[in-house]
Every structure is written in C-alpha cells, then in structure tokens.
Amino acid sequence: MVVDPSGFTIATGNFTTTAAAANTPIQVRAQRLDATTLNAAEQQAVRGGLSVAVSLSSSNANVGTVPAAATFGPNVSSSSTAAFDPVAQGTTTVSVITPTGFATPSNQQQIVVTVNP
C-alpha cells in the first residue's frame, strides 16, 4: 500500500481589512498531497488520535499577526481556523509553518493581507 504525503494549506484567499477591524478568520486545511508534485490533492482528516497545531506567520508583524495556531485533533479533523489580527496600515504575507512530520505543499501556502487605515 502506498501512502501519499500530507500537509496543511491555507484555504482563505487574499483579503483586505482595516486596522480597527475585528480579527479575520483564516481557514487552514489538512490535505493529502500528490506524491510527485506535492500539490494539494484533496482535503483529508488528520489521523485519529493525533493533535496538531499549525502556526501561521506574518511577514510584517507591524501590519498584523496571527497570534494563535489552527488546531487539529479529535474534534477538528480536516479544517480549522486561525485569526489575523490587524495592527496598522500596510501589506503582509501570511504563510503556513509546516509542523514536524508533515510535508510542505507546493501550493496554497501563503496569502497576501492588506490593512487599510
């Protein structure tokens, strides 16, 4: 039996918000990856009994941050959310930080967030 690699992707597209806005949810998905290209192939549940925290980074913390990880576990198996916290005007790239034991997909790894005043 062949087991394909798995990883995590961002399912939310690029978005614009304002500095005073409430946090914006960012959907993160567990994915089966194509073994050759590592492209996301299909959404899949995290293995039963496994808990995984998937952190997201912001390339410019002066514009906004993602303070808490998306958590996958017994009650959240294939899709979870983290939240973007806008700070000030500007643009930042939000990226997945691949957890240990998982592959890094070749697509759907980052989004661009623009924060207006």
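For the reader, a short list of remarks on this structure follows.
- Scanning the range 34-66 for residues that are of a type in the set (Ser, Thr, Tyr) and outside any loop (DSSP other than H, G, I, E, B) gives 57, 58, 65.
- Selection from the range 7-32 of residues that are of a type in the set (A, V, I, L, M, F, W, C) and assigned to a strand (DSSP E or B): 8, 10, 15, 26, 28, 30
- Only listed residue being surrounded by fewer than 19 Cβ atoms within 10 Å (Cβ to Cβ), closer than 16 Å to residue 105 by Cα and among the acidic types (Asp, Glu), chosen from 85, 34: 34
- Residue count for the range 59-80, restricted to those that are closer than 17 Å to residue 96 by Cα and free of Cβ contacts under 8 Å to residues at least 40 places away in the same chain: 8
- For the range 41-74, the set of residues classified as at pLDDT 95 or above and either more than 15 Å from residue 28 (Cβ to Cβ) or in contact with a helix residue (DSSP H, G or I) (Cβ under 7 Å, 6 or more places away or on another chain) (or both) consists of 41, 42, 59, 60, 61, 62, 63, 64, 65, listed by residue number.
- Residue 52 in contact with a Pro (Cβ under 8 Å, 6 or more places away or on another chain) and either surrounded by 15 or more Cβ atoms within 10 Å (Cβ to Cβ) or closer than 17 Å to residue 4 by Cβ (or both): yes
- Filtered by the rule that a residue be more than 19 Å from residue 14 (Cα to Cα) and surrounded by 15 or more Cβ atoms within 10 Å (Cβ to Cβ), the range 58-77 gives 71, 72, 76, 77.
The values are calculated or read from the model by the stated rules, or taken from the named source; none is laboratory data. These numbers come from a predicted model, not from an experiment. Cβ atoms come from the backbone with ideal geometry, glycine included; neighbour counts cover every protein chain shown.
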